[in-house]
Amino acid sequence: MPALTRVEPFEALLSPFSSDLFRQLARSMRVPGDAPGEIRIDVTEHDKEYVVRAEMPGARKEDIRVSVDGNFVSISAEVRREKEEKSGGRTLLKETYVGSAARGFSLAHEIDAKAVVAKLEDGVLKLVLPKSSGTGSRSIAIQ
């Protein structure tokens with residue numbers, strides 16, 4: 001009995017063409033591994049508030065924007081990363097990334113936008129979002 005073989009439908013479709021060419025093209029379009037692609041968050045609900053922890057590595061507080069509109073929370077950041085490796089006086093490799101990341105989500109309760117607290121410590125943004133029955137929209141200053 002022959003061994004089982006996994007068939008990748010996309011690769012099977014491209015098999016008449018040079019699959020190496022398409023792999024190289026796909027590889028060149030990928031975002032660098034250390035580049036921010038998505039803001040990862042943890043949301044915890046308490047009786048009177050939500051607490052959000054968002055990973056924001058490489059972002060400065062001046063480059064982070066948080067806004068609250070009713071029960072919708074939006075977080076965005078501009079990120080700049082530079083990495084340079086030298087050997088003696090000659091630069092052998094320099095990798096630079098400039099980009100943005102954004103995340104928005106809805107919560108079950110309206111948020112009291114006037115009482116929101118936002119702090120950035122060690123690349124983690126912590127938001128305290130008090131629950132409210134009123135509506136309002138506000139941009140939040142990062143401390």
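For the stretch 40-49, state whether one or more residues are touching a strand residue (DSSP E or B) at 6+ places or on another chain (Cβ under 7 Å), among the basic types (Lys, Arg), part of a loop (DSSP other than H, G, I, E, B) and closer than 12 Å to residue 103 by Cβ. Steps first, answer last, please.
Going residue by residue through the stretch 40-49, those that are touching a strand residue (DSSP E or B) at 6+ places or on another chain (Cβ under 7 Å) are 40-44, 48-49.
Next, from what is left, pick out any that are among the basic types (Lys, Arg): 40, 48.
Adding the requirement that they be part of a loop (DSSP other than H, G, I, E, B) leaves 40, 48.
Applying the additional criterion that residues be closer than 12 Å to residue 103 by Cβ yields 40.
Looking for residues that are touching a strand residue (DSSP E or B) at 6+ places or on another chain (Cβ under 7 Å), among the basic types (Lys, Arg), part of a loop (DSSP other than H, G, I, E, B) and closer than 12 Å to residue 103 by Cβ, one finds at least one in the stretch 40-49, hence yes.
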Original post:
So which residues in the stretch 87-139 are among the small types (Gly, Ala, Ser), at pLDDT 90 or above and touching a Pro at 6+ places or on another chain (Cβ under 8 Å), if there are any at all?
Top reply: 115
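Of everything in the stretch 104-131, what is within 19 Å of residue 57 (Cα to Cα), surrounded by fewer than 16 Cβ atoms within 10 Å (Cβ to Cβ) and touching a residue at least 40 places away in the same chain (Cβ under 8 Å)? Give them in sequence order. First the steps, then the outcome.
Taking the stretch 104-131 as the starting set, the residues that turn out to be within 19 Å of residue 57 (Cα to Cα) are 104, 118-127.
Okay, now just the ones that are also surrounded by fewer than 16 Cβ atoms within 10 Å (Cβ to Cβ), so 104, 119, 121-124, 126.
123, 124, 126 - these are the residues of the stretch 104-131 that are within 19 Å of residue 57 (Cα to Cα), surrounded by fewer than 16 Cβ atoms within 10 Å (Cβ to Cβ) and touching a residue at least 40 places away in the same chain (Cβ under 8 Å).
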**OP:** Return a yes/no flag: does the stretch 63-84 have any residue that is among the charged types (D, E, K, R), in contact with a strand residue (DSSP E or B) (Cβ under 7 Å, 6 or more places away or on another chain), over 30 Å from residue 139 (Cβ atoms) and at pLDDT 55 or above.
**Re:** yes
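The values are calculated or read from the model by the stated rules, or taken from the named source; none is laboratory data. Keep in mind the model is a prediction, meaning the values are calculated, not measured. Please note: Cβ atoms are built from the backbone with ideal geometry, for glycine as well, and neighbour counts cover all protein chains shown.
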